[in-house]
1. Considering only the other residues whose Cβ falls under 15 Å of the Cβ of ASN99, what net charge follows from Lys and Arg at +1 and Asp and Glu at -1?
2. Classify the range 55-105 as rounded, prolate or oblate from the Cα gyration tensor: take a ≥ b ≥ c as the square roots of its eigenvalues, call it rounded if a/c is under 1.5, otherwise prolate when a/b beats b/c and oblate if not.
Amino acid sequence: MKSNYKRSKIKFSDLYYKDADTSARKSAYKSKNTLNFSSLDLIDGYYYFRNEKFSGKAEIYYNNGVLKALLSFRNGIKNGLSTYWYSNGVKQKESFFENGVLDGF
């Protein structure tokens, strides 16, 4: 059951992890600006990484290692495409944010 989801360059097969290779698979498709959402600090409505407003993509994972969400940020707020998946790896929804506000959905 493979699919090439080109918009975020994540293959559907990359969403399933085996316990032994979870960390290797997670890092396989990360860009240099993608990090774990738990690394961000929320201060006064803005997300920070290392004391700077974060710009890039952040990932959230379920406890079973499956990607839960891929969020886009610019200058500390949600901006751009955010994609969410169910715990079984099936895409739940896509949302587009413009300067922190849900746009067009």
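1. +1
2. Oblate, since a/c reaches 1.5 and b/c is not below a/b.
Every number in this text was worked out from the coordinates using simple rules, so none of it is lab data. Please read these numbers as outputs of a predicted model, since none were measured by experiment. Every residue, glycine as well, gets a Cβ built from its backbone with ideal geometry; the counts of neighbours run over all protein chains shown.
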